[in-house]
1. Any residue in the stretch 268-293 that is polar (S, T, N, Q) sitting within a Cβ distance under 8 Å of a residue that is assigned to a loop (DSSP other than H, G, I, E, B)? List the pairs, counting only those 6 or more apart or interchain.
2. From the residues in the stretch 87-102 that are open to solvent by 40 Å² or more (accessible area, probe 1.4 Å) and outside any loop (DSSP other than H, G, I, E, B), which one is nearest to residue 25 (Cα to Cα)?
3. Of the residues that make up the stretch 274-297, is at least one touching a Pro at 6+ places or on another chain (Cβ under 6 Å) and either in a helix (DSSP H, G or I) or not β-branched (Val, Ile, Thr) (or both)?
4. Give the number of residues within the stretch 242-259 that are under 24 Å from residue 175 (Cβ atoms) and either in contact with a strand residue (DSSP E or B) (Cβ under 7 Å, 6 or more places away or on another chain) or in contact (Cβ under 8 Å) with a residue 12 or more places away in the chain (or both).
5. For residue 216, indicate whether it is under 16 Å from residue 151 (Cβ atoms), within 23 Å of the chain's Cα centre (by Cα) and modelled with pLDDT under 90.
6. Take residue 286 and tell me if it is surrounded by 17 or more Cβ atoms within 10 Å (Cβ to Cβ), closer than 25 Å to residue 220 by Cβ and modelled with pLDDT under 90.
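The values are calculated or read from the model by the stated rules, or taken from the named source; none is laboratory data. Since the model is a prediction, treat every value here as computed from it, not as a measurement. Cβ coordinates were reconstructed from backbone atoms using ideal geometry, including for glycine residues, and neighbour counts include every protein chain displayed. Heads up: the accessible areas ignore ligands, DNA and RNA and are worked out on the full protein's heavy atoms, side chains in. Shrake-Rupley method; radii C 1.70, N 1.55, O 1.52, S 1.80 Å.
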Amino acid sequence: MRRRLDPDGLHQHLQHAGATLAPLYVVTGDESLLVIEALDALRAAAAAQGYTERSRIVLDARSDWSAVLGATQNVSLFGDRKLLDLSLPSGKPGRTGGETLEALAAKVRDDELPDTLVTLSLPRLDRATRSSKWATALFEAGTVVEVPSVDRNALPHWIGQRLARQGQTLDADTLAWMADKVEGNLLAAFQEIQKLGLLYPPGPISGDDVRRAVLDVARYDVFDLRDAMLAGQPERALAILRGLRGEGEALPLVLWAVGDEIRLLARLAALQAAGGDMGAVLRRNRVFGPREQGLRRTLARVAPRAWPAAVQHAHDIDRLAKGLKVPGLLDDPWEELARLILRITLDKKT
């Protein structure tokens with residue numbers, strides 16, 4: 001079948017599907033809210049078209065996979081159409097599971113399940129897994145709904161779209177502020193949008209009203225901190241650092257993420273100054289895509305002389321974290337980590 005849809009495409013497809021629902025839908029992505037919404041829309045469409053019997057099976061590599069094919073063979077006493085709702089949260093079915101999914105895809109492809117609609121939810125698959133036999137068979141036989149991640153840059157637009165469904169609007173600055181408060185927590189963003197729908201009537205909502213209503217529920221990880229540092233965003237980097245500390249993230253992990261990146265940047269800066277092959281070092285460190293671009297932009301922005309001092313600063317913060325005194329540094333390693341991040345985000349070549 002080889003049909004690819006995003007969540008908006010799925011919505012349009014279901015609105016116009018009529019009696020032509022596909023026999024298999026594979027919903028894949030890491031945004032749990034959007035995956036749940038896509039599956040709910042499929043279930044509602046299936047119920048409207050007479051799929052009144054539903055079997056729900058959550059699977060992993062150690063599951064009894066015979067239950068899957070068994071569920072496709074059970075005939076309803078009343079001739080009801082069946083929805084077989086499968087979930088593979090790990091994305092790793094194991095050998096038996098993979099063979100079962102291939103067999104299921106073959107049944108779909110050969111029209112052997114006329115009264116059964118199958119949905120399968122998966123996390124976002126890496127390249128190797130997508131190339132596996134079972135994934136290839138499913139993607140060939142079914143309609144694949146690719147649920148994208150909503151990154152920070154896209155979040156204000158996403159919030160604006162959701163508010164528009166409620167007939168509400170915000171100005172661009174307030175959308176950006178709200179995105180900062182719910183970043184990394186799409187479910188919380190959804191809940192805050194619903195709250196605005198309950199508190200205020202359709203139409204424009206003032207920034208002050210939004211600030212009174214919205215909680216600060218942003219969630220970050222150490223890689224968000226690394227990316228903000230590479231992007232030269234001091235306010236965002238410090239906000240993420242405060243969030244990580246407030247959530248109880250271990251200081252050694254945060255320091256590792258920052259320090260490891262600084263050490264890599266120091267090696268790259270020295271290599272660049274010597275006219276060496278920076279690309280080879282990036283490949284050895286498995287640095288590709290957006291992270292590589294961020295590193296190159298940082299090297300273009302920060303003066304080469306800054307890196308040895310930054311590496312020493314990271315080393316001194318590690319000593320602080322172990323309870324040792326370091327002359328000239330604050331006693332709080334978190335505060336010194338903030339100072340280190342600022343020296344990288346604010347430094348510019350002169």
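1. Here the result reads 272/304, each pair linking the stretch 268-293 to a residue that is assigned to a loop (DSSP other than H, G, I, E, B).
2. Taking the stretch 87-102 and keeping what is open to solvent by 40 Å² or more (accessible area, probe 1.4 Å), we get 89-90, 92, 95-96, 99, 102.
Adding the requirement that they be outside any loop (DSSP other than H, G, I, E, B) leaves 95-96, 99, 102.
Values: 95: 22, 96: 21, 99: 18, 102: 14 Å.
Restricting to residues being open to solvent by 40 Å² or more (accessible area, probe 1.4 Å) and outside any loop (DSSP other than H, G, I, E, B), the top hit is 102.
3. We begin by selecting, within the stretch 274-297, every residue touching a Pro at 6+ places or on another chain (Cβ under 6 Å); these are none.
No.
4. 1
5. On the way: under 16 Å from residue 151 (Cβ atoms): no; within 23 Å of the chain's Cα centre (by Cα): yes; modelled with pLDDT under 90: yes.
When the stated conditions are applied, residue 216 does not pass them.
6. No.
Let's see how each residue does on (1) over 30 Å from residue 275 (Cα atoms); (2) in contact with a strand residue (DSSP E or B) (Cβ under 8 Å, 6 or more places away or on another chain); (3) free of Cβ contacts under 8 Å to residues at least 40 places away in the same chain; (4) crowded, with 18+ Cβ neighbours inside 10 Å:
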| position | (1), (2), (3), (4) |
| --- | --- |
| 297 | no, no, no, no |
| 306 | no, no, no, yes |
| 310 | no, no, no, yes |
| 337 | yes, no, no, yes |
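For (1) out of contact with any helix residue (DSSP H, G or I) (no Cβ under 8 Å at 6 or more places or on another chain); (2) assigned to a loop (DSSP other than H, G, I, E, B), each residue gets a yes or a no:
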{"site": "114", "(1), (2)": "yes, yes"}
{"site": "120", "(1), (2)": "no, no"}
{"site": "125", "(1), (2)": "no, yes"}
{"site": "149", "(1), (2)": "yes, yes"}
{"site": "153", "(1), (2)": "yes, yes"}
{"site": "159", "(1), (2)": "no, no"}
{"site": "175", "(1), (2)": "no, no"}
